[in-house]
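Structure, as structure tokens:
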Amino acid sequence: MKNFLRIFFLFVLFSGVQSNSIAAEKIEYLKTDWSFKGLFGKFDRAALQRGYQVYTEVCSSCHSMKYLSYRNLAQKGGPEFTEAQAKAIAASFEVKDGPNADGDMFTRPGKLSDKFVMPYENVKAAQAANGGAYPPDMSVLVKARGGGVDYIYSLLQGYEDPPVGVTLDDGVYYNKYMYGNKIKMSNQLSDGLVEYSDGTNSTVEQMSKDVTTFLMWAAEPHLEERHQMGFKAIIYLIILTVLVYFSMKRIWSRIETEV
Amino acid sequence: MSDHQYTPESKFGKWFNDRLPLLTLANHLTDYPTPKNLNYWWTFGGILTFCLITQIVTGLVLAMHYIAHADMAFDSVEHIMRDVNYGWLIRYIHANGASMFFLAVYIHIFRSLFYGSYKAPREIIWIIGIIIYLLMMAAAFMGYVLPWGQMSFWGATVITNLFSAIPLVGEGIVTWLWGGYSVDNPTLTRFFTLHYLIPFLILGLVVLHIWALHVPGNNNPVGIDIKKPSKDTVPFHPYIVIKDGFALLMFMIVFAFFVFYTPNILGHADNYIEADPLVTPAHIVPEWYLLPFYAILRSVPDKLLGVVAMLSAIFILAALPWLDTSKIRSAVFRPLYRQFYWILVADVLILGYVGAMPAEGLYLLIARVATAYYFLHFLVILPVLGFREKTLPIPLSITEPVLGGSPNLATAKNKESSIIK
């Protein structure tokens, strides 16, 4: 048993080393208490709904979310809008469909099964409208950035005047959390920009947190289910391990050797 | 295979067994005499079998939903993560399973190094093991390419480009591997095919690995030959089965923790960005388990020699049974080797660390020293040590040290538990 604990510690050590080496070149990001971290982490439902509002009213004019459908908004573990609400949200978008029987493309109100409407026809159009920079698709954005949610949360609040000696080209902005500090997206958030329907005060900090929470859910829509299942699975494994341990002791007691 | 004759009790069993001796095989496997002093480092063989089967089963399910096409691979992985029932679970098990597989295989290999399990008469087991390890690296590398993220694409570009170092035909070989003039759809489809094939090759080799093991039987922490079956052995079932099962469960707890709570920590964030041939990531790094070899590759200034060094670092292991000239197997009785062993472990960990860092300045210097030491260990230290080292007296049987019989052996046992375990 003693050996086992040692092996076990080795694993723990190993996992620690791994995470350290990956986070090697880190900048201190702004911290906030994410409700979805930890063994029982869950999304804050209201934050997800507010985050969706920030996304639609602010981000979605440039950033697509091509892997999400309107039906996801009503899904368990997500913002959990009611089905009627999700239908109404979908219907508020014009979706291009077709060809119809005459061979023509037409637009119709969105349905639950539609993917989120894209802001641009294609990547080239997106680049042309944004000074050559492509606003990345946001579906898995938090998983595609080293610092994850902390990075996105910080970036949204990281706009500053450039320090003396740093000159910026037209359409380039200074952000202290951006890799290389130069970003082609201008500061999008300002206090009171969005009017939250639940009355929450829409400070920059609040909006950053809400929209980042929403992006986390978008990237990991099954996070809550994963945490719940993980807890059950690990408890099950621990109980089984203890039972097997005592069975093993019993069996090995037949011979004069320790296990 | 079996030392004793086996006759099934039932009439049908006898009839069947005379025609296909499956029951004899099953009987051999359950009765297989195993040294009773095996410690928990010996449980990783069973754990590795579990890892292989897990990878094959989850891989089969993933292959049902995955689309091997440059335009659709990334989308299909997201489809698995979002819309396939428990697709996220299957994919995270498969992705983290690869890391767990390598973690277990490294422990398994270093256990062999410590206890001299590669020495006569177990050279063939060892060499088959090295081939399995090579195939594992190939399978893992190709598997990492399949999601078609940025690291997939650029990792594939860097690694396949290594072949261009071959004089004269290098460029041609690379074009042939790619199926075009850059990593593209033809590369992806062939990698998918090979990624599907290799695990079954590994499975076949695992059967040979175990078969070859069952001829001489297990080595053990004391490293002496034992009589089988005897007081020194226990039947595989139930003793080893339950012990391996217990160890496997402990391993699964760690595995589950990664899958359910930090499923992306061992991967690279850039692989959630779809492959873009026009944008090169800032740092191209392989998965953690390939980092020591990546460090060796980059520590040599010449491309061809770098590739040669990297491959030699792996193939040198196959020659290990002949490079290690000591007659004593277990490091428990080799005081000097034991120290060099731990230096080697540290050396490989250092190589892994610098492999993740940019190849410049101090990191490059450390990588060069560590690479030189790696080869020094196998080519100079091990052969010389066999002749120079004054080893401790070895016991005649494992029963005595286990029971604490003779004082001499009791010290050996104490040493063993204090140093190794």
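Rule-based calculations on the coordinates, nothing more; no lab input. Since the structure is predicted, the reported quantities are computational estimates derived from the model, not experimental observations. Note that we place each Cβ from the backbone using ideal geometry, even for glycine, and neighbour counts take in every protein chain shown.
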| query | When region A:229-259 is examined, which residues are found to be touching a residue at least 24 places away in the same chain (Cβ under 8 Å) and more than 7 Å from every other protein chain (Cβ to nearest Cβ)? | reply | A:PHE231
| task | Please specify each residue of region B:70-87 satisfying the condition of being on the phi < 0 side of the Ramachandran plot and either touching a residue at least 12 places away in the same chain (Cβ under 8 Å) or assigned to a loop (DSSP other than H, G, I, E, B) (or both). | result | B:ALA70, B:ASP71, B:MET72, B:ALA73, B:PHE74, B:VAL77, B:HIS79, B:ILE80, B:ASP83, B:VAL84, B:ASN85, B:GLY87
| message | Going residue by residue through region B:305-320, is there one that turns out to be crowded, with 21+ Cβ neighbours inside 10 Å and away from every other protein chain (no Cβ under 13 Å)? | response | yes
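Kindly indicate whether B:ALA275 is closer than 21 Å to A:LEU141 by Cβ, more than 9 Å from chain A (Cβ to nearest Cβ), crowded, with 19+ Cβ neighbours inside 10 Å and touching a residue at least 60 places away in the same chain (Cβ under 8 Å).
yes
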| task | Could you figure out which of (1) surrounded by 18 or more Cβ atoms within 10 Å (Cβ to Cβ); (2) assigned to a loop (DSSP other than H, G, I, E, B); (3) out of contact with any strand residue (DSSP E or B) (no Cβ under 8 Å at 6 or more places or on another chain); (4) not small (Gly, Ala, Ser) isn't true of A:TYR52? | result | (2)
| said: Going residue by residue through region B:214-234, is there one that turns out to be part of a helix (DSSP H, G or I), surrounded by fewer than 20 Cβ atoms within 10 Å (Cβ to Cβ) and more than 10 Å from chain A (Cβ to nearest Cβ)? | reply: yes
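Check every one of the helices (runs of 4 or more DSSP H) wholly within region B:300-410 and list those with 3 or more residues that are within 27 Å of B:LEU103 (Cβ to Cβ). Outline the logic, then answer.
On the way: elements: B:303-318, B:320-323, B:335-356, B:361-376, B:382-388, B:399-403.
Where helices (runs of 4 or more DSSP H) fall fully within region B:300-410 and carry at least 3 residues being within 27 Å of B:LEU103 (Cβ to Cβ), they are B:303-318, B:320-323, B:335-356, B:361-376.
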| message | Being in contact with a Leu (Cβ under 9 Å, 6 or more places away or on another chain), among the β-branched types (Val, Ile, Thr), farther than 30 Å from A:GLU225 by Cβ and surrounded by fewer than 21 Cβ atoms within 10 Å (Cβ to Cβ) is true for just one of B:ILE56, B:ILE109. Which residue is that? | response | B:ILE109
| For the subset of region B:236-271 comprising residues that are in contact with a Gly (Cβ under 8 Å, 6 or more places away or on another chain), among the aromatic types (Phe, Trp, Tyr) and buried (at least 21 other Cβ atoms within 10 Å of the Cβ), which member is nearest to the other protein chains (Cβ to nearest Cβ)? | B:PHE260
| message | So, in region A:150-181, exactly how many residues are under 30 Å from B:ILE265 (Cβ atoms) and either over 23 Å from the mean Cα position of the chain (by Cα) or exposed (fewer than 11 other Cβ atoms within 10 Å of the Cβ) (or both)? | response | 1
| note | Of the residues in region B:165-188 that are part of a helix (DSSP H, G or I), in contact (Cβ under 8 Å) with a residue 12 or more places away in the chain and out of contact with any Leu (no Cβ under 8 Å at 6 or more places or on another chain), the one that is farthest from B:TYR66 (Cα to Cα) is B:VAL174
| Of the conditions (1) more than 14 Å from chain A (Cβ to nearest Cβ); (2) in contact with a Lys or Arg (Cβ under 9 Å, 6 or more places away or on another chain), B:THR43 fails just one. Which one is it? | (1)
| field | Failed condition for B:HIS283, given (1) surrounded by fewer than 20 Cβ atoms within 10 Å (Cβ to Cβ); (2) touching a residue at least 12 places away in the same chain (Cβ under 8 Å); (3) facing chain A (nearest Cβ under 10 Å); (4) part of a helix (DSSP H, G or I) | value | (4)
| Is it true that B:PHE191 is crowded, with 20+ Cβ neighbours inside 10 Å, within 14 Å of chain A (Cβ to nearest Cβ) and part of a helix (DSSP H, G or I)? | no
| Considering region B:103-157 alone, what residues qualify as being closer than 20 Å to B:ASN264 by Cβ, part of a helix (DSSP H, G or I), within 14 Å of chain A (Cβ to nearest Cβ) and among the small types (Gly, Ala, Ser)? | B:SER152
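How many residues are of a type in the set (Gly, Ala, Ser), assigned to a helix (DSSP H, G or I) and crowded, with 17+ Cβ neighbours inside 10 Å if we restrict to region B:59-69?
Selection size over region B:59-69: 1.
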| Would region A:32-42 turn up any residue that is closer than 27 Å to B:VAL77 by Cα, in a helix (DSSP H, G or I), of a type outside the set (S, T, N, Q) and out of contact with any strand residue (DSSP E or B) (no Cβ under 8 Å at 6 or more places or on another chain)? | no
| query | Is it the case that A:SER202 is in contact with a helix residue (DSSP H, G or I) (Cβ under 7 Å, 6 or more places away or on another chain), more than 30 Å from B:LYS36 (Cα to Cα) and away from chain B (no Cβ under 14 Å)? | reply | no
| Does region B:124-146 include one or more residues that are over 24 Å from B:ALA318 (Cβ atoms), hydroxyl-bearing (Ser, Thr, Tyr) and in contact with a Ser or Thr (Cβ under 7 Å, 6 or more places away or on another chain)? | yes
| request: Just name the residue that is farthest from the other protein chains (Cβ to nearest Cβ) out of those in region B:350-380 that are under 18 Å from B:GLN339 (Cβ atoms) and aromatic (Phe, Trp, Tyr). | output: B:PHE378
| note | Screening A:LYS87, A:LYS76 for residues that are more than 19 Å from B:TRP88 (Cα to Cα), charged (D, E, K, R) and out of contact with any strand residue (DSSP E or B) (no Cβ under 7 Å at 6 or more places or on another chain) leaves only A:LYS87
| query | When the residues of region A:109-149 are filtered to those that are under 16 Å from A:ASN72 (Cβ atoms) and among the charged types (D, E, K, R), which remaining residue is surrounded by the fewest Cβ atoms within 10 Å (Cβ to Cβ)? | reply | A:LYS111
| note | For B:LYS327, the lone unmet condition from (1) surrounded by 14 or more Cβ atoms within 10 Å (Cβ to Cβ); (2) in contact (Cβ under 8 Å) with a residue 12 or more places away in the chain; (3) in contact with a helix residue (DSSP H, G or I) (Cβ under 9 Å, 6 or more places away or on another chain) is (1)
